[in-house]
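Novice: Attaching a single structure in structure tokens format; questions to follow.
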Amino acid sequence: MGTPSPRAVLVLAMALVGLSAPRAAYGQPNFIVILADDVGWGDLGANWAETKETPHLDELAAEGMRFVDFHSAASTCSPSRASLLTGRLGARNGVTHNFAVTSVGGLPLNETTLAEVLREAGYSTGAIGKWHLGHHGRHHPSFRGFDYYFGIPYSHDMGCTDTPGYNLPPCPPCPRHGAAARVARKDCYTEVALPLFENVTIIQQPVNLSSLAARYAEEAARFIQRASDSGRPFFLYLALAHMHVPLGVPPPPPCSLPPIAAVSPPLLGSLLGTFLSLAGDNGPWAQKCELAGRLGPFVGAWQRQRGGSSAKQTTWEGGHRVPALAYWPGRIPAKRTSRALLSILDIFPTLVALAGAALPPNRRFDGLDVSPVLFGWSDVGHKVLLHPNSGAAGKDGEIETLRLAQYKAFYTTGGAMACDGSIGPAEHHQPPLIFNLDRDTQEQEPLDVASREYEAVLAAVSRAYARALEDIATDNVSVADYSKDPAVTPCCNAQHVACRCQAPGTDAAGPDRRMERRAMRLCL
């Protein structure tokens, strides 16, 4: 990783740990669920000794529980987030690939979100950060169970900005003499600015990426304080934009980021009565080269030999095995490492159970209540875990890779775009490729199909695969609307180039905001 490592900004999560959270009301715990974008398993120092940039997260891991076999529900953004909030795979909830700036739909409205369940159980609910589950109409988070929303509607490289990150262009200048200067950039958004929402209102467009992380921390603190004042337990879903791409222009050498220890808030605060979890939404975006995260040992060697990336968008371990931590003083044992096979899917049923609420009826769930693992009573998670296709090969959302104990079976393989631009070809396997991850974490050499081990495992895999597909086929399955319409593009004022706007009354927020305000006045 180069000097401007996006990994450094993950310490924003620690700001919340320094907050003084309210005690749980009526025995119901508070919940903080932190989701980091495109973070690799090896981006956590507690997982991978080569990583030195996360001392505070490592300390949090030491004070709580670390999960080393924890997986995203898909290896790309929208499907992973939909699964976290529903406890159901995309094959059930309908979200199989990413939504766009012009998407009309989002997470199907007949799917019940975790926020809806917890709000019904008496919780104050807030979402801060990246949504990416639909922004138009009632797909907006304000209509999906969240009392408060502050953040961006999709990935922070899906729109121009005046503080561009990597591969993100500045927004066009304001029109002069009726013409706007526009520069076409491949793979970049130049016609729409990235908006920042507070509830249903765009308060800034283009958003100031340089101050976005700090604003998330401020809004999280305000939300927790409001919940404390109300006496209600809270659920805060904090979906960080990190580490998708850097939030600002990388400083030129010899400049460097200040040491993390110098910019981090105090690590541990008073969080009695609060359950905090942190995980990645999927593996690192290898296409971004040195700006991408670390895979650790999960390099997908079999795929790499054939070209392409074995990280984000793939069903190789690097695509969906992510770092995960849980912290709850007095409830979750400290200094524990769990090897249970767990998933983002488990967050929904676990939090519902801890809150004393009930799962929504008339649907099946892929997640488990893993409270026994959290409390150190058990180290048993999933017997079978399904990994849907996420763009590298096969039809999006279809299940063609599954995990059975230590074995991983691939009916379809393929690589995503790598740093060098290569893409590994899609290949179908019948019988499937099977790897023993206990002996082969790098997924380098599949089992010999003529071996007794393969024959025994294949029989068990085939039964589990058939049962899983039958269970999905007979479930109450939703279908997402992936239609597009330029008219639904978020824009606070379409009369101006790149929808430039700034919420009134922000002058008192600080010098940088006053400067932004003056710039907006000049444009308008």
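Values quoted throughout were computed directly from the atomic coordinates according to the rules given, and no laboratory measurement underlies them. Please read all numbers here as calculations on a predicted model, not as lab measurements. In this analysis, Cβ positions are derived from the backbone assuming ideal geometry, glycine residues included, and neighbour counts consider all displayed protein chains.
Novice: So how compact is region 40-130: Cα radius of gyration and Dmax in angstrom?
Specialist: 16.6, 45
Novice: Extension gain VAL380-ASN493, at 0.36 nm per residue separation less the Cα-Cα distance, in nm?
Specialist: Numbers: separation 113, 0.36 × 113 = 40.68 nm, distance 5.29 nm.
Result for the pair: 35.4 nm of gain on full extension.
Novice: What residues from region 60-93 fall in the zone where the backbone N is under 19 Å from a label point 7 Å along the Cα-to-C-beta line of GLU398?
Specialist: 74-76, 79, 89-93
Novice: Further question on the same structure: What is the diffusion coefficient of region 280-374 in µm²/s, taking the Kirkwood radius over Cα pairs and the Stokes-Einstein relation at 20 °C with a viscosity of 1.002 mPa s? Write out the running numbers ahead of the final one.
Specialist: On the way: Rh = 15.7 Å.
Answer from the Stokes-Einstein relation: 137 µm²/s.
Novice: For a quick protection proxy, order the peptides 215-228, 301-314 by their average other-Cβ count within 10 Å, most packed first.
Specialist: Working: 215-228: 18.9, 301-314: 23.9.
In descending order of packing, they fall as 301-314, 215-228.
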